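Trainee: Okay, handing you the structure first.
Derivation of every value follows stated rules applied to the coordinates shown; laboratory data play no part. Predicted model, so just to flag it, every value in this text is computed and none were measured. Ideal geometry is used to build each Cβ from the backbone, glycine not excepted, and the neighbour counts take in all protein chains shown.
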Amino acid sequence: MDMEAGDAASVREILGPRVKVVADHFHVIQMANRTVDEVRRVLQDPRYPLPKKLWMKNKEHLTKDEAERIASYGDYYPELFRLWVLKEDLRQMYEMHSRKIAAYRLRKVIEGYKQCRSGYAWAFAKTLERWQDAILNFFERRTTNAAVEGMHRKFKLIQRISYGFKTMDCYLAKIILACVPLYLLTHHTIYN
């Protein structure tokens, strides 16, 4: 799940206290990117804006020129550069193979955010501390809600491109059609 306190409380209330909540890693990294972007917007000079796309890129997707640009910005904006490095450290934490190693890396990342002067970084550090168990629960079964998020996005796209529906049945039919594998549609006859 995403990191909304009310959602976790509701899940525990409905499913019981023994349920293990997993904070989806996509949402954790999204919050880290948001922290970088908030600090970027505060620090930048309106006459010389810092390129948002550059700071949102992952380290492995940077070209050599882009990596050099980020490093040069680090001389003028050390706080922003530090937040970008912490975001990358957080991403690398998800590549660990054990919960114990990931817990150590997460503690280091949280300490790094706490050492920053930005209120955004402090707030994110508090969020990471609050959700530490849920973040680390990922490493037990590598559970993610990516499939659900993908379906949700597909449903919203269907709704947007259809410009409204005459009936709810029409909307549901389009959703079912979008979810049924093409193989089944081409090899089976569907009867009402």
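Trainee: From Cα pairs below 8 angstrom and at least 6 apart in sequence, can you work out the relative contact order of the chain, rounded to a whole percent?
Mentor: It comes to 23 percent, rounded to a whole number.
Trainee: Further, regarding this structure: Cα centroids of region 16-46 and region 113-157: how far apart, whole angstrom?
Mentor: Cα centroid to Cα centroid, the span is 6 Å.
Trainee: Ranking Thr63, Thr143 by Cβ neighbours within 10 Å, fewest first, what do you get?
Mentor: The most exposed by this proxy come first: Thr63, Thr143.
Trainee: Run down the lysines and flag those whose C-alpha is under 18 Å from the C-alpha of Lys100, throwing out any fewer than 8 positions away in its chain.
Mentor: Lys20, Lys108
Trainee: Using Cβ counts within 10 Å as a stand-in for footprinting exposure, how do Asp2, Asp169 rank, fewest first?
Mentor: So the ranking, lowest neighbour count to highest, is Asp169, Asp2.
Trainee: What does the charge count around Ala102 come to, taking other residues whose C-beta lies under 14 Å from its C-beta (Lys +1, Arg +1, Asp -1, Glu -1)? Numbers along the way, then the final one.
Mentor: On the way: positive: Arg91, Arg99, Lys100, Arg105, Arg107, Lys108, Arg141, Arg142; negative: Asp89, Glu95, Asp133, Glu140.
Neighbour charge sum, excluding Ala102 itself: +4.
Trainee: Amide H of Asn137 versus every other amide H placed in the peptide plane: which residues, excluding those fewer than 5 positions away on the same chain, fall under 5 Å?
Mentor: Ala23
Trainee: Would you kindly derive the ³J(HN,Hα) couplings of region 67-72 from the backbone phi angles with the Karplus curve 6.51 cos²θ - 1.76 cosθ + 1.60 (θ = phi - 60°), listing them in order in whole Hz, with x for Gly and Pro?
Mentor: 4, 5, 5, 4, 4, 5
Trainee: Could I have the simple spin-label model distance between Arg117 and Tyr76, label points 7 Å from Cα toward Cβ, reported in nm to one decimal?
Mentor: It works out to 1.7 nm between the two label points.
Trainee: Also: Taking the radius of gyration and the Kirkwood hydrodynamic radius from Cα positions alone, what is the Rg/Rh ratio for the chain, to two decimal places?
Mentor: Value, to two decimals: 1.08.
Trainee: In deg cm²/dmol, rounded to 500, what helix-only [θ] at 222 nm does the chain give when every DSSP H run of at least 4 residues adds -39500 (n - 2.57) and the total is split over its residues?
Mentor: Helix contribution divided over all residues of the chain: -21500 deg cm²/dmol.
Trainee: Related question: When the chain is treated as a GNM, springs tying every alpha-carbon pair under 10 Å, which of Met31, Met56, Met151 comes out with the largest mean-square fluctuation?
Mentor: Evaluated over the chain, the most mobile residue of the options is Met151.
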